[in-house]
1. Could you tell me whether residue B:40 is among the hydroxyl-bearing types (Ser, Thr, Tyr), in a helix (DSSP H, G or I) and either buried (at least 16 other Cβ atoms within 10 Å of the Cβ) or modelled with pLDDT under 90 (or both)?
2. Please enumerate the residues belonging to the range B:43-59 that are outside any loop (DSSP other than H, G, I, E, B) and more than 8 Å from every other protein chain (Cβ to nearest Cβ).
3. Working only within the range A:1026-1044, note down all residues that are within 15 Å of residue A:956 (Cα to Cα) and crowded, with 21+ Cβ neighbours inside 10 Å.
4. Does residue B:10 satisfy the condition of being at pLDDT 90 or above and either within 14 Å of chain A (Cβ to nearest Cβ) or over 30 Å from residue B:139 (Cα atoms) (or both)?
5. Yes or no: the range B:237-245 includes at least one residue that is more than 27 Å from residue A:1021 (Cα to Cα) and either more than 13 Å from every other protein chain (Cβ to nearest Cβ) or surrounded by 20 or more Cβ atoms within 10 Å (Cβ to Cβ) (or both).
6. Which one is nearest to residue A:909 (Cα to Cα) among residues in the range A:1000-1055 that are within 11 Å of another protein chain (Cβ to nearest Cβ) and of a type in the set (D, E, K, R)?
7. Within the range A:919-932, restricting attention to residues that are small (Gly, Ala, Ser) and surrounded by fewer than 21 Cβ atoms within 10 Å (Cβ to Cβ), which residue is farthest from the other protein chains (Cβ to nearest Cβ)?
8. From the list A:404, A:484, exactly one residue is over 25 Å from residue A:803 (Cβ atoms), out of contact with any strand residue (DSSP E or B) (no Cβ under 6 Å at 6 or more places or on another chain) and at pLDDT 85 or above. Which is it?
Amino acid sequence: MIYKIQATSQGHFTRVQHYLLYSARQKPHGEFNKARWLYFGCSQLLVHTVRMPDSTYGRSDSYRVATTQDKADRSPKKKKGGTKDMDDLKKEVPITEHKMSIEEVCRKFNTDIVQGLTNAKAAEYLIRDGPNALTPPPTTPEWVKFCRQLFGGFSILLWTGAILCFLAYAIQAATEDEPAGDNLYLGIVLTAVVVITGCFSYFQEAKSSKIMESFKNMVPQQALVIREGEKVTINAEEVVGGDLIEVKGGDRIPADIRVVSAHGCKVDNSSLTGESEPQSRSPDCTHDNPLETRNVAFFSTNCVEGTARGIVICTGDRTVMGRIATLTSGLETGKTPIAKEIEHFIHIITGVAVFLGVTFFILAIILGYSWLEAVIFLIGIIVANVPEGLLATVTVCLTLTAKRMAKKNCLVKNLEAVETLGSTSTICSDKTGTLTQNRMTVAHMWFDNQIHEADTTEDQSGASFDKSSVTWLSLARVAGLCNRAQFKAGQDSLPILKRDVAGDASESALLKCIELSCGSVRAMRDRNKKVAEIPFNSTNKYQLSVHETEDPNDNRYLLVMKGAPERILDRCTTILVQGKEQPMDEELKEAFQNAYMELGGLGERVLGFCHVLLPEDQYPKGFAFDTEDVNFQTDNLCFVGLMSMIDPPRAAVPDAVIMVTGDHPITAKAIAKGVGIISEGNETVEDIAARLNIPVSQVNPRDAKACVVHGTDLKDLSQDQMDDILRNHTEIVFARTSPQQKLIIVEGCQRLGAIVAVTGDGVNDSPALKKADIGVAMGISGSDVSKQAADMILLDDNFASIVTGVEEGRLIFDNLKKSIAYTLTSNIPEITPFLFFIIVNIPLPLGTITILCIDLGTDMVPAISLAYETAESDIMKRQPRNPARDKLVNERLISIAYGQIGMIQALGGFFAYFVILAENGFLPSRLVGIRLNWDDRSTNDLEDSYGQQWTYEQRKIVEFTCHTAFFVSIVVVQWADVIICKTRRNSVFQQGMRNKILIFGLFEETALAAFLSYCPGMDVALRMYPLKPSWWFCAFPYSFLIFVYDEIRKLLLRRNPGGWVERETYY
Amino acid sequence: TELTENKKEEPKESWKDCIYNPRTGEFMGRTASSWGETVSMFTLDDNVPRYQDRVANPGLVIRPHAAEISFNRSDPTNYNQYIQNLHNLLQRYNDSIQERNDLCMVGEYTEQDNEPIKKVCQFKRSMLRQCSGLRDSSFGFAEGKPCIIIKMNRVIGLKPQGDPYINCTAKGDSPLRMQYYPSEARLDKMFFPYYGNKAHADYVQPLVAVQLLLSREDLNVEQTVECKLEGTNLRNDDDRDKFMGRVVFRVKVSE
């Protein structure tokens, strides 16, 4: 198990991004086999980057894209094979122009800072570099995709069957006077089945990826360039490197530009980096990193205000956006886990079918059957072996789950991705709320030199401190007044904690806390009328407001302030202790520091509060407070206390991770420890070094289970080193990663066999979203590109849906197993008739048409109904599926379906068959070896066991009646099968029969069987004949036997966990 | 109160009742005695199959066993297999064997349901005269006037009503002369009902021979003949079963 956490950004109370990667892999070598399940409920959680919601205190500090400068040469890339190209794209952005002087840049592009390019030069560059547009990657033509569906999976087998049918018919037509149409009809039916299934899958798969289009939508249409000194508006595609361009507020930037002059220019990079606050642009290089420096503006980002002039340094696919687009659309995504499972299962079934088919074909030839007969046997074996309806069943099951998830605001774009979340062993996310409730709550307070636990119970029964303390009342007053959040109207009947609040998360938390403990905040605000206010800004890092006092006789004004604790403390000279103002001495400062550290160490977001009563002589009633040009005191205040907030863990995630601000990797590590991501007792190399007081270099890295990797280190790591880290540390923290690094982490995890989920909303997340086994995009905040790149969209941006997704994914995997076990079981009673037909020469007990009636008729609804089965146990407590060991279809499932239940079913079918023939005069002893005469059209006086003589047609009717009875018997034994398949471990009596669809399925298949048997005209259409009522009961004992057999098996399974029965039969 | 108590004691109905219902003692929807009946249903009678609905209307077959009888009348090796086939069939009808059997009432069923030993009605081979193979061991094949023997399938307990006889017609332009043996081509009622191969081991079914009196012009021409069972309630016009109460065969004699 590996946890990784990453955090970026600086300063307190800023937005945090961590990666926590928690992966669980059973590694093949015992050495690394140390899966330990810390988060039971959320064992699916692996890499997690958390970005706290923007708060009033949050300086928007977003993804930093680390860059390197070493690849200075911006030579146009040549296509030297796709892989090399992609590897190149995965490296950091090679822009160096921001560090050059403007003159150097001009020289490089042969351009002029005033005149711009000459038209001739522009034309030359345009030819050399190509248009400034994104080139879509080559796509597979639709007809190729369609053909893939038409000839994939079982289709090849069925095509073979169909072609053999036509072949057999052709031979018959050529050699016989009145060829029987059976083979022709069967061929047509098989072809129809293949084509319909093919179309079905094709339309399911036809989710034409529009990634490139979504990128193109971001590209501006027009650009204002200066060429030969004249301003011209040209098509953005014609912009070339070296062009001097001008942008103003509202424009989209038409290429990557090096700013040469700017006037109050601000750009919104959110489409690229997810950074929401506009950033100013200027001609000076402010950072080595081209993505952070102010003198570069990027293709497709928006200029929100001001104007700027710049030289184009990159166009088209070479821009930062272009690289991401090419990377995203060019990334090869592997098959989904469920697709791999289905493929594996198709291989098994095809293998069995081909083996049996070929064996019996050869056997038939050896036994002296004609080629034609041998071919007909082959057709029968193929048809019996292929579960024709199964792929459709699987698709329907997945669709049902997808619909169920869509209802929970979890839109699944790629049907197969429904299951992926369930097998996910690693989640890589940049949002809070995956593990937490995304509902900030006040957790602790520090006043009177003591930390108090906040009481968040509705009835205030859990109070742990004296509410009458003057300090507390003051603190509550500051928190209530210096707060812009308010309850939305019309919620008075709701419990306070459930009310909706207009305002940011921290203020809402404070509002609810005060409302709970001190009563109506609105009343408090009414009593203390607000006269002035300075809202939070990132320079001050505080918020203050000035109020009238409650006492109408007191004309002083009350100034209240909250903000980053150390900033607040700096403005305070006194502190309120036990209701008395005391001077702030070193001792109290240290107490403050300790409390601050302690709360911060708990991973909580801490705010400081202070107030002051402004002296009446300086600020008489009616004083005009100017908040722009502050004309009143904002220091020499009185410190009141601290309050800290957490985002509480989800109930479904018992050992919940408490996501709190932590800005440095060190803080991230503290959080990781605090929330159990780095579990107690586990140390990093640095910890060990500190404990043993030795240099870091002397510590054996193998001794440290935990590891913190800094983003800047990450980019220097080789693949082997990366694997080494992932493999040798059980708990890893990644800090500060760029999109490329995110992609590298995803690939690293995948290389080690993990199934990785990635969440993201920005364009820069899209490569990782695409590469991940399942990419999850945000429906509201997500960019179009990220939605296109993702497999799943959370429509309400609510991460609770991910938990739903995991649960649904695991459930559908279990249920598909059941569904497949059910469907495969009936293959044995379908195949055995052919085998006995060939080997002991009895009349055919079950025909191909009836087999199709089972596979495509009666088995369908019950198989689908198993998708509605509820979970047997708490599937969230399970480890994620190990794709190497836990297969959808394994040998135990085959053993149960084919070897055990299937055999009993075949017995039931044969019993019905022998009963009917015996009751009509052909005792079993007479049947053995009768086949040649039986199927001979010219023998019209075939003698039965009683001496009666039968014409060909008469005995054929009996034979077809047997087919019908065999078919009905399979339906009867499948009743028991579907009931036993409801559970894999529990008894049916524990699970109950609450699945209404399944009950409907039981009736439906029975009704269908009765219809096929009794409907007039069926004898002509499908050669199915009415059964005498008693024949329906032939298979009943076998049905009962199946039920009892499996209940006993499951009983032994439960009684003896890990025992022989489980090892051999638990699928 | 007693009533309500009783109600409580009675277990609630549930789906589990399908398997075992403790109130009625039903197991999988049947009581023990019902199960007994079910099991006994599967025990079969030695002499009569449980169901005969599929053979209610017997089929007709011809001997020699071939759909197309084609031979050169001047070459005995050509038709040897046919006459061998006929000799084999008639082995059991040899007069020496048949004389041991009983003479039965002409035109009446030989019903003997209750007799422990069933008697067998006599059908002497000699009754087929020219087609008996006694005087002409080539059954007319050497002359180019072949005998075809028609028999009706045995069905236990079958009692054809009316007066069943075989009627053959040639499908073609020129009417074909035919001679039936025994004359009138009757399948006498005395041979019915049949009691099965255990109780009625020596039973022989009645035969009708039809001799195709081909003229010189008919040689080398394929003749299609259809023989039907007529004068009775038994069906001979099933769409699908071309052998139910009828039989079609082709004969081509060359020189």
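The values are calculated or read from the model by the stated rules, or taken from the named source; none is laboratory data. Computed from a predicted model, the values in this text were never measured in an experiment. Ideal geometry is used to build each Cβ from the backbone, glycine not excepted, and the neighbour counts take in all protein chains shown.
1. Taking the combined requirement at face value, the residue satisfies it.
2. B:53
3. If the condition is that a residue be within 15 Å of residue A:956 (Cα to Cα) and crowded, with 21+ Cβ neighbours inside 10 Å, then A:1027 is the only one that fits.
4. No: the conditions fail for residue B:10.
5. no
6. Once the filter is applied, the top-ranked residue is A:1028.
7. Filtering first and then ranking leaves A:929.
8. Matching residue, one of A:404, A:484: A:484.
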